[in-house]
Amino acid sequence: WQNNTIYNNTLKNQFFADKHLPMPTEIERKYLIKGTIPKGSDTQISQAYLCTDKLRTIRVRIEDDIATINVKTKPSDASSTTITRMEYEYEIPLTDAQEMRECAIGEPIEKTRTIIQENGHTWEVDTFHGANAGLIVAEVELESEDQPVHCPDWIGREVSSESKYFNSQLMKAPYNTW
């Protein structure tokens, strides 16, 4: 086994040695909703957190029948209001995700995600259930932090830097406890 790991790492290093691949990043803004959102494509999401702190989160998600594990990190020198994070996400077997949920911190977050194409952006609107019922948040991913966002009429106040709206915080302090 040990030799196989060394061999695999050697192959990986050779493959990526000359490829200057960018670090996978997520740059997103988060907004509250005002009014009625338009119809879109819906999926059901259940996600649980294995690790959460100021600099990183590790999450397992089941979206319909697809399971993923996700790691998000902030550089240690990043400001508390930065909307840029490094993000790594990998598909995993559904049974693994179900087992990992049993080891999670707190209760899983349950939500319906609606994808809406509007004003040149893809909006992900999360309608929360359970202890977070009543909360609806829209997210939009950007190419850079200074990219202009053309908000539709149903988008309300920006909450990108308010940690209480982060999914990793909602499982610790649910919306219905505010």
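Of the conditions (1) loosely packed, with under 15 Cβ neighbours inside 10 Å; (2) modelled with pLDDT of 90 or more; (3) under 20 Å from Ala173 (Cβ atoms), Thr81 fails just one. Which one is it?
(2)
Would you be able to say whether some residue in region 125-134 is at pLDDT below 95 and outside any strand (DSSP E or B)?
No, every residue in region 125-134 fails to be at pLDDT below 95 and outside any strand (DSSP E or B).
Might you check whether a residue that is out of contact with any helix residue (DSSP H, G or I) (no Cβ under 8 Å at 6 or more places or on another chain) and under 23 Å from Lys54 (Cβ atoms) occurs anywhere in region 132-140?
yes
The conditions are (1) modelled with pLDDT under 95; (2) open to solvent by 80 Å² or more (accessible area, probe 1.4 Å), and Ile27 fails exactly one of them. Which is it?
Single failed check for Ile27: (2).
For region 104-124, enumerate the residues that are at pLDDT below 95, open to solvent by 60 Å² or more (accessible area, probe 1.4 Å) and more than 22 Å from Cys51 (Cβ to Cβ).
Hits for region 104-124 are Asn119, Gly120.
With Thr177, Thr82 as the choices, which residue is more than 18 Å from Thr25 (Cα to Cα), among the hydroxyl-bearing types (Ser, Thr, Tyr) and touching a residue at least 24 places away in the same chain (Cβ under 8 Å)? Walk me through how you get there before you give the answer.
Numbers: Thr82 fails: more than 18 Å from Thr25 (Cα to Cα).
Being more than 18 Å from Thr25 (Cα to Cα), among the hydroxyl-bearing types (Ser, Thr, Tyr) and touching a residue at least 24 places away in the same chain (Cβ under 8 Å) holds for just one of Thr177, Thr82, which is Thr177.
In region 34-112, which strands (runs of 3 or more DSSP E) lie fully inside it and hold 1 or more residues that are in contact with a Cys (Cβ under 7 Å, 6 or more places away or on another chain)? So that I can check it myself, show each step before the final result.
Working: elements: 41-52, 56-63, 66-73, 84-92.
Of the strands (runs of 3 or more DSSP E) lying wholly inside region 34-112, those with at least 1 residues that are in contact with a Cys (Cβ under 7 Å, 6 or more places away or on another chain) span 41-52, 56-63.
Quick grid of which residues meet (1) under 24 Å from Lys39 (Cβ atoms); (2) within 13 Å of the chain's Cα centre (by Cα); (3) of a type in the set (A, V, I, L, M); (4) open to solvent by 20 Å² or more (accessible area, probe 1.4 Å):
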site: Val60; (1), (2), (3), (4): no, yes, yes, no
site: Ala67; (1), (2), (3), (4): no, no, yes, no
site: Glu145; (1), (2), (3), (4): no, no, no, yes
site: Ser168; (1), (2), (3), (4): no, yes, no, no
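The values are calculated or read from the model by the stated rules, or taken from the named source; none is laboratory data. Given the structure is predicted, the values throughout are model-derived calculations rather than measurements. Using ideal geometry, Cβ is built from the backbone for each residue, glycine included, and neighbour counts are taken over all protein chains shown. What goes into the accessible areas is simple: the full protein's heavy atoms, side chains included, and nothing from ligands, DNA or RNA. Shrake-Rupley method; radii C 1.70, N 1.55, O 1.52, S 1.80 Å.
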